[in-house]
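Working notes, structure below.
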Amino acid sequence: MTAAFHHGLSPATAAAALLVAVLVARAVLAVVRFRRYELAIPGPPSLPFFGNAFSLLFLKQEDILGAVMAMWGQRRDLSRLSALNMLFVFVSKPEDVAVVMKRKDLQDKSHFYYHILADFAPSGMVMINGAMLRAHRAEAQPAFHPEVVDSFVEVFAEEAEKYVRNVEQRQEVTPSKRLFGTAAWAFCRSTVISDTPTEEETAVIADLVMLIRLHLKTTNERAFNPFLWSKWIFCMTPHGRRMQREFSRVRAFLHQTMNDRAIQLEKLIKMEGADFVKKRKSLLDVFLQKNAQGEVMFSRDDILDEIITFLTAATETTVSALGFAFKMLSLRPDIQNNLYEEVVSLLGRGATKRSIVAEDLPKLHYAEKFLKEVMRMFSPIPLGARQVNEDTELGGHVLPKGANLVVNFLGLHRDPVTWPDPLRFDPERFSPEQSQGRHPYAFMPFSGGLRSCIGYKYGWAVTKTLLATTVRDFVVEPADDGLTDQTQFKLFFDASLKMVGGRVKFIPRD
Ligand code: HEM
């Protein structure tokens, strides 16, 4: 007879009490264990279990990055934040970043952030891991071969010309607003739909771009609001219901586009055989081709998720980089003159000017140094989070299983040891002389290792084309917003880095 029976407890009650006691003991042990690992890593003061939650949760989107960065506090070595027993370990030193990029066991995306991002495109490359990631990357790679990217430059140039034709002249504008449409069109025309889109395609792609922007904004808000972490709960809110409805509508259209293209492809493969297989193809064709050849590698939903993911990755980053580029040009006429001189020496001026072609891109040396300095100071992706799947040693600390490892690209790029006077804007940091001897992992705007940006060459080509075409036709002047240098920018994060305001004026040159 146990003590419980002597005290009149039934066996069921005693069993339930025992179970509760075991669960409570396990939870307490988990909190104690977590706390031991947490406190071993330097970071701001934190409470047991809640960690830094009271400084992090329910923040406005504009304030999230500033709050995270303030708490990170420029620590060079590993540092941490925590909330509700979730640990975020920041890596910002080139030596530590190199280890993360090279280690095969640190390549999975963090569940915390990416499971929310993945809600509407779960099989997209940014979200997937392991064998599935390797298969998707291997298939998509040919669509980003340098020769394929070169073949798209004509489309990029046409979209850039359209951008400069339609830009609101002489008024204060936020360049990113119009740039989204331009970057999205450049992507869709080169990789998804026909070169000459129909009216319906135009309307649906415009909707998709708006929807993706909204999704990214919502993802960040949800990430900092535990009540909305579950997709199920989020989709019961009016906003969640609306997003679900809109995504279903756009997906139905894209499915139709894919079906039409798949039928065309089957015919082409039958007609051209091996010749067609060897041809360079767009992303959509690359994914569909395997299926058309009878190897069903990807479901139509997988392909659609990839198209949405690539469109997001391609537009967000390009727009972020160019938005900061135009803002910096408006504040630095000296740099703008150097850039203009380089551009007109290639593309001509006035009546003799011409559009950019693929062969011009490698000759834009100054543009490249300038854009690198933009991406150093304003890394389009400021943070990238990985999942720690097993207790892992890094930088002299143990990261417990379940922790989120955050590669702090913004911190890496502003590390005063590698970049003296890091807030000074100077493209010459990327001259061959000054680049000599720099740590190979000190500058990582496109990340690195197994999860490096697959659209790296594509991104460079679009960004350079849009920058050169705009500078050829316009002087970028400052807005009347009181901002006189880059140290005054208020940065925030909505899937890519943005700044509050960011307005400039475009004054025509001719
Ligand atoms: C200025 C332009 C760009 C920048 C700075 C940039 C930066 C990055 C970075 C930092 C990552 C890693 C993110 C992480 O680890 O969380 C990434 C991944 C990725 N990027 Fe880009 N990107 C750019 C343009 C593009 C373009 C044009 C495309 C497609 C056409 C693209 C497609 C992707 C994809 C699919 C991934 C996920 C790769 C993976 O997880 O394995 N990016 N990009």
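Among residues of the range 300-328 that are free of Cβ contacts under 8 Å to residues at least 24 places away in the same chain, none has a beta-carbon under 6 Å from a residue that is more than 8 Å from the ligand (Cβ to nearest atom) at least six positions away or on a different chain. Considering (1) surrounded by fewer than 19 Cβ atoms within 10 Å (Cβ to Cβ); (2) polar (S, T, N, Q); (3) under 30 Å from Q289 (Cα atoms), the lone condition that T182 does not fulfil carries the number (1). Considered as a group, the residues in the range 319-335 that are open to solvent by 10 Å² or more (accessible area, probe 1.4 Å) and not hydrophobic (A, V, I, L, M, F, W, C) include one that is nearest to the ligand (Cβ to nearest atom), and that residue is G323. For the range 272-296, filtered to residues that are more than 16 Å from the ligand (Cβ to nearest atom) and of a type in the set (G, A, S), the residue that is modelled with the highest pLDDT is G273. For the subset of the range 126-147 comprising residues that are in contact with a Ser or Thr (Cβ under 8 Å, 6 or more places away or on another chain) and closer than 18 Å to D105 by Cα, which member is nearest to the ligand (Cβ to nearest atom)? Here the residue is V126.
If you take the residues of the range 148-166 that are more than 16 Å from the ligand (Cβ to nearest atom) and of a type in the set (D, E, K, R), which of them is most open to solvent (accessible area, probe 1.4 Å)? Looking at the filtered set, the residue picked out is R165. Kindly check whether there is at least one residue in the range 25-37 that is closer than 25 Å to L412 by Cβ and part of a helix (DSSP H, G or I). Yes, the range 25-37 contains at least one residue that is closer than 25 Å to L412 by Cβ and part of a helix (DSSP H, G or I).
When T237, T174 are screened for being touching a Gly at 6+ places or on another chain (Cβ under 6 Å), closer than 29 Å to A67 by Cβ and open to solvent by 10 Å² or more (accessible area, probe 1.4 Å), only T174 passes. Of the helices (runs of 4 or more DSSP H) that lie entirely inside the range 146-257, those containing 1 or more residues that are out of contact with any Cys (no Cβ under 9 Å at 6 or more places or on another chain), at pLDDT 90 or above and among the aliphatic types (A, V, I, L, M) span 146-166, 175-191, 231-234. Among the residues of the range 297-312, not a single one is out of contact with any Ser or Thr (no Cβ under 6 Å at 6 or more places or on another chain), modelled with pLDDT of 95 or more and within 15 Å of the ligand (Cβ to nearest atom). If the Cβ limit is 7 Å and pairs must be 6+ apart or interchain, which residue in the range 354-370 that is crowded, with 18+ Cβ neighbours inside 10 Å pairs with which residue that is at pLDDT 95 or above and outside any helix (DSSP H, G or I)? Within 7 Å, the pairs are K369/S431.
Only one of the numbered conditions (1) away from the ligand (no atom under 15 Å from the Cβ); (2) open to solvent by less than 40 Å² (accessible area, probe 1.4 Å); (3) over 19 Å from S176 (Cα atoms); (4) touching a Pro at 6+ places or on another chain (Cβ under 9 Å) is not met by Y340, and that is (4).
Could we say that F120 is open to solvent by 10 Å² or more (accessible area, probe 1.4 Å) and within 15 Å of the ligand (Cβ to nearest atom) here? No: the conditions fail for F120. Could you go through the range 431-450 and let me know if any residue there is within 16 Å of the ligand (Cβ to nearest atom) and within 27 Å of N85 (Cα to Cα). Within the range 431-450, not a single residue is within 16 Å of the ligand (Cβ to nearest atom) and within 27 Å of N85 (Cα to Cα). Counting only helices (runs of 4 or more DSSP H) that fall entirely inside the range 400-499 and contain at least 1 residues that are more than 27 Å from A184 (Cβ to Cβ) and open to solvent by less than 20 Å² (accessible area, probe 1.4 Å), the qualifying elements are 409-413. The residue list L9, L84, L39 contains one member that is farther than 30 Å from M444 by Cα and open to solvent by 70 Å² or more (accessible area, probe 1.4 Å), which is L9. Within the range 41-135, which helices (runs of 4 or more DSSP H) (wholly inside it) include 3 or more residues that are closer than 24 Å to T312 by Cα and in contact (Cβ under 8 Å) with a residue 60 or more places away in the chain? The qualifying helices (runs of 4 or more DSSP H) are 61-72, 111-117.
The values are calculated or read from the model by the stated rules, or taken from the named source; none is laboratory data. Keep in mind that this is a model prediction, so the values were computed, not measured. Positions of Cβ are backbone-derived with ideal geometry, glycine not excepted, and every protein chain shown enters the neighbour counts. Surface accessibility is based on the protein's heavy atoms, side chains included, excluding ligands, DNA and RNA. Shrake-Rupley method; radii C 1.70, N 1.55, O 1.52, S 1.80 Å.
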